[in-house]
Amino acid sequence: MAGPVLQILELVDRLFQEKASWQELIKEIRGASGVDILTAERIAFSHTGWRRLCNHRINHDPECKNQAARHIKIHGPSSLILSVGETFSVAAPEVT
């Protein structure tokens, strides 16, 4: 089981190094693992680089900020994004 998980994490890191788009990242994760969108986003946010980049973008890019607000509205308590005052933050990844 560790083999496929490691392959997905390597894919996520490679796409970060290649400066892939968020949409491309999620599409690749889903294609490689067969998971739903929210799970693919969880996997992406387990990568420190992607989490840091998204934290920056959701607070500085208006389109990303709107997407973060929409994500919170759609997912409510299970949202992967937190609203802290006027800023947004990617929730800390769950350790399982």
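Values quoted throughout were computed directly from the atomic coordinates according to the rules given, and no laboratory measurement underlies them. Quick caveat, the model's predicted, so the values are computed rather than measured. Every residue, glycine among them, receives a Cβ derived from its backbone with ideal geometry; neighbour counts consider all protein chains shown.
Observations on the model:
- Residues in the stretch 19-36 that are farther than 15 Å from GLN7 by Cβ, free of Cβ contacts under 8 Å to residues at least 12 places away in the same chain and not in a loop (DSSP other than H, G, I, E, B): GLN23, GLU24, LYS27.
- Given (1) out of contact with any helix residue (DSSP H, G or I) (no Cβ under 8 Å at 6 or more places or on another chain); (2) surrounded by 11 or more Cβ atoms within 10 Å (Cβ to Cβ), index of the condition VAL84 fails: (2)
- Filter pass, GLU10 being in a helix (DSSP H, G or I), under 21 Å from GLU63 (Cα atoms) and not aromatic (Phe, Trp, Tyr): no
- One residue from GLU41, GLU28, GLU86 being of a type outside the set (Phe, Trp, Tyr) and over 15 Å from the mean Cα position of the chain (by Cα): GLU86
To keep it simple, each residue is scored yes or no on (1) touching a Ser or Thr at 6+ places or on another chain (Cβ under 8 Å); (2) touching a residue at least 12 places away in the same chain (Cβ under 8 Å); (3) not aromatic (Phe, Trp, Tyr).
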position	(1), (2), (3)
GLN67	no, no, yes
ARG70	no, no, yes
LYS73	no, no, yes
SER79	no, yes, yes
PRO93	yes, yes, yes
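- Test: ARG42 is part of a helix (DSSP H, G or I), surrounded by fewer than 17 Cβ atoms within 10 Å (Cβ to Cβ) and free of Cβ contacts under 8 Å to residues at least 24 places away in the same chain: no
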